[in-house]
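Data block below; observations after.
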Amino acid sequence: MHKIALPERADLHAKAEEAGFSFLEMGGEPYWDETSAYAFTLEEVETRIEDPSSELHGMCRAAVERIVASEELMDRMGIPPGFRDLVATSWQRQEGELYGRMDLAYDGGDAKLLEYNADTPTSLYETAAFQWQWLEDQIAAGALPAGADQFNRLHEALAERFAAMFPPDHDIHFAAAAGHAEDYATVEALAWAAREGGMGAHYTDLGQIGLSAEGQFTDAEDRVIGTLFKLYPWEDIFADEFGAAIVPSGCRMIEPAWKALVSNKAILPVLWEMFEGHPNLLPAFFLDDVAGALRDGTGGSALLDRSRDALRTHVVKPFFSREGASVDIIEGGRPLETAHDRAYDQGAKIVQAYAPLPVFDGFRPVLGAWIVGEECVALGIREDRARITQDLSRFKPHFIAP
């Protein structure tokens, strides 16, 4: 992987406006930044990103199999008692997954799994569509060679996945919170893929979803929602007044409830215990289990002893957080970097060995490996000057050099 400077398209803003891509800039800074791009070889995409990410997803499924069979693990992962049957049953029924995005640290060696948003990942539109248009435009302009490619069949894979999960003409509602352009772009991109997969797709604001007298979910036009894609994380549903209505409603949810385990950072210590030493995993532990041992330098399990050197610099992450909120990087017992957003400080946390992101021109890229079904199908990249990737980090296009 390397980074090259490229000319920004002269008609970038016109093309974004035509496409309805309204968040080229956020917080006064570029969000979509095509003044440079990351280049890969086909070999490293296939062997360092695609294959390992698909394998990691399979390992997460194995971890789910173990967790749903253990009341203790369900409790440790913060799944409320009233929803454990829902989570377990959705797995036992093998309710199919749609998509997810793994965040990976990659410096040319083995990619390392930082976390897996397997429930409500965004940056979907810019990965699947706007990034692909950038590639075609830059090849046409001669800025990239004619044989350049991109690891990106995200839209096509989603359409195929919808067709595999549901019968033709199946109606699906797509819901996101009103007033959030990035969230709306994500559900619109999903609905576009669903239509291409032969589904009927309807948008509804999350706040407009209600309950009928019969206990079924309804949209703003009082239409019954039989299948719902919700850009709303399961941990919030568990705490929501509508959470108790999920089972009686009979509504099929996308993602299924068992994804609440995969998108939970508490799956990282479970994975490390199950697959210790795997080249794409970092040592990870429940903070409650190791806080004293890390502070005092003694005590702890044999598993911790074998990871102690790797944990000299480590990251403390809440089970449930988004966009780097409440994340701390600790080196030698002192903060190396802390997140400004502390929205998740009160929740339970894990500890994970620190994998430094490489630095290119003062920016640190994190790879987003997109999973559809059980396969890795695309790549998106965010970069930031800070070590902790956060909500305003820039999206960078990539290409595969011929």
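Quick notes
- Residues considered: A220, A239, A244. Of these, the only one that is touching a Pro at 6+ places or on another chain (Cβ under 9 Å), among the hydrophobic types (A, V, I, L, M, F, W, C), open to solvent by 20 Å² or more (accessible area, probe 1.4 Å) and modelled with pLDDT under 95 is A239.
- Residue match in segment 117-132 (condition: open to solvent by 20 Å² or more (accessible area, probe 1.4 Å), modelled with pLDDT of 95 or more and of a type in the set (D, E, K, R)): no
- Single condition M74 does not satisfy, out of (1) open to solvent by less than 10 Å² (accessible area, probe 1.4 Å); (2) in contact with a strand residue (DSSP E or B) (Cβ under 9 Å, 6 or more places away or on another chain): (2)
- The set of residues in segment 317-334 that are open to solvent by 20 Å² or more (accessible area, probe 1.4 Å), within 22 Å of E383 (Cβ to Cβ) and in a strand (DSSP E or B) comprises D328, E331.
For (1) on the phi < 0 side of the Ramachandran plot; (2) under 21 Å from the mean Cα position of the chain (by Cα), each residue gets a yes or a no:
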| site | (1), (2) |
| --- | --- |
| S326 | no, yes |
| E337 | yes, no |
| A343 | yes, yes |
| V351 | yes, yes |
| D361 | no, no |
| R364 | yes, yes |
| G373 | no, yes |
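- Among the residues here, V64 does not qualify as open to solvent by 20 Å² or more (accessible area, probe 1.4 Å), modelled with pLDDT of 95 or more, under 30 Å from F286 (Cβ atoms) and out of contact with any Pro (no Cβ under 6 Å at 6 or more places or on another chain).
- Scanning segment 263-289 for residues that are part of a helix (DSSP H, G or I) and out of contact with any strand residue (DSSP E or B) (no Cβ under 6 Å at 6 or more places or on another chain) returns I267, V270, L271, E273, M274, D288, D289.
- Contact map, segment 276-300: first residue farther than 26 Å from M102 by Cα, second residue open to solvent by less than 30 Å² (accessible area, probe 1.4 Å) and assigned to a loop (DSSP other than H, G, I, E, B), Cβ cut-off under 8 Å, separation 6 or more or different chains; pairs are L294/L311.
- Those residues of segment 343-402 which are open to solvent by 40 Å² or more (accessible area, probe 1.4 Å), polar (S, T, N, Q) and either part of a strand (DSSP E or B) or in contact with a strand residue (DSSP E or B) (Cβ under 8 Å, 6 or more places away or on another chain) (or both), in sequence order: Q390
- Boolean, V262 is open to solvent by less than 20 Å² (accessible area, probe 1.4 Å) and either of a type outside the set (V, I, T) or under 26 Å from Q94 (Cα atoms) (or both): yes
- Yes/no for A105 being modelled with pLDDT of 95 or more and more than 25 Å from K230 (Cα to Cα): yes
- Wholly within segment 1-99, helices (runs of 4 or more DSSP H) carrying at least 1 residues that are in contact (Cβ under 8 Å) with a residue 60 or more places away in the chain and charged (D, E, K, R): 12-19, 51-68, 71-76
Every residue, every condition in (1) under 26 Å from I49 (Cα atoms); (2) assigned to a loop (DSSP other than H, G, I, E, B), yes or no:
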position: Q131; (1), (2): yes, no
position: L135; (1), (2): yes, no
position: Q138; (1), (2): yes, no
position: R161; (1), (2): yes, no
position: D169; (1), (2): no, yes
position: A191; (1), (2): no, no
position: A201; (1), (2): no, no
position: A220; (1), (2): no, yes
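The values are calculated or read from the model by the stated rules, or taken from the named source; none is laboratory data. Just so you know, these numbers come straight off a predicted model, no measurement behind them. Positions of Cβ are backbone-derived with ideal geometry, glycine not excepted, and every protein chain shown enters the neighbour counts. Surface accessibility is based on the protein's heavy atoms, side chains included, excluding ligands, DNA and RNA. Shrake-Rupley method; radii C 1.70, N 1.55, O 1.52, S 1.80 Å.
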